[in-house]
Amino acid sequence: MERSLVLLKPDCVQRRLMGRVLARFEDKGLNVIAMKMLQVTPDLAKQHYAEHVEKPFYPGLEAFITASPIVALVVEGLEVIRVVREILGATSGLKAAAGTIRGDYSSSRQMNLVHASDGPEAAAREIALYFKPEEVFGYEPCLTPWLKASDE
């Protein structure tokens, strides 16, 4: 099983799309094993987006991510990093395919509703930024046998 951090960004929270977005992951059979609402501080934003801090667009990114509460999730499942990113669609809502979260609900590059880890190393680093180990609850849903074969 693989894990990914997912952030429901300020635009997702303000537009009241949290339930619809969360339902997409659950409908796919992914397991939400941690979830909380929080306000991203400038310090946390700098840690999360460390590779972008020196770039000219960073001040706008920080202003956006700290403007309103977010909901942070840890999602678990087979190939979850790839699967979640496909559910989200292209970064720009203008380029995202219909049927994806961004394709259905976003028409912006920055106001794109959701962040998801882009690889296993990023997932581990990002999960540790938002959750203490005791806040993550790995469990086996009783419907798992109906979602995947026993050898998957």
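Throughout, read-outs are computed from the coordinates displayed, never taken from laboratory work. Predicted model only: the values in this text are computed from it and were never measured. Using ideal geometry, Cβ is built from the backbone for each residue, glycine included, and neighbour counts are taken over all protein chains shown.
Tabulated data
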{"quantity": "Most mobile listed residue (V13, V75, V53) in the chain, GNM with C-alpha springs under 10 Å", "calculated": "V53"}
{"quantity": "Degrees separating the helix 120-130 axis from the principal Cα axis of the chain, which is the longest one", "calculated": "70 degrees"}
{"quantity": "Loop sites in the range 6-90: trypsin sites (Lys or Arg not before Pro), DSSP, at most 11 other Cβ within 10 Å", "calculated": "R16"}
{"quantity": "Gain in span if fully extended, A90 to Q110, counting 0.36 nm per residue against the direct Cα distance", "calculated": "6.0 nm"}
{"quantity": "Set K9/K36; K9/K46; K36/K148; K36/K95 screened for pairs whose C-alpha atoms are more than 18 Å apart", "calculated": "K36/K148; K36/K95"}
{"quantity": "Sites matching trypsin sites (Lys or Arg not before Pro) across the range 102-152 that sit in DSSP coil, with at most 16 neighbouring C-beta atoms within 10 Å", "calculated": "R109, K148"}
{"quantity": "0 to 90° range, to nearest 10: angle between helix 18-27 axis and the chain longest Cα axis", "calculated": "30 degrees"}
{"quantity": "Cα gyration tensor shape for the range 1-75, rounded if a/c is under 1.5, else prolate or oblate", "calculated": "prolate"}
{"quantity": "In nm, spacing of pseudo-spin labels at D27 and A124 (7 Å Cα→C-beta vector)", "calculated": "3.4 nm"}
{"quantity": "GNM top mover of K55, K132, K95 - the chain, alpha-carbon springs below 10 Å", "calculated": "K55"}
{"quantity": "Shape parameters for the range 2-138, alpha-carbon atoms, Rg then Dmax in Å", "calculated": "13.9, 39"}
{"quantity": "The chain, helix-only ellipticity at 222 nm - DSSP H runs n ≥ 4, -39,500 (n - 2.57), divided by all residues, nearest 500", "calculated": "-9500 deg cm²/dmol"}
{"quantity": "Built amide H within the under 5 Å cut-off of L94, gap 5+", "calculated": "S108"}
{"quantity": "The range 1-105: chymotrypsin sites (Phe, Trp or Tyr not before Pro) in DSSP loop, at most 11 other beta carbons within 10 Å", "calculated": "F57"}
{"quantity": "Among L113, L22, L30: highest mean-square fluctuation, GNM of the chain, C-alpha pairs under 10 Å", "calculated": "L22"}
{"quantity": "L147-F64 pseudo-label distance in nm [points 7 Å out on the Cα-to-Cβ vector]", "calculated": "3.0 nm"}
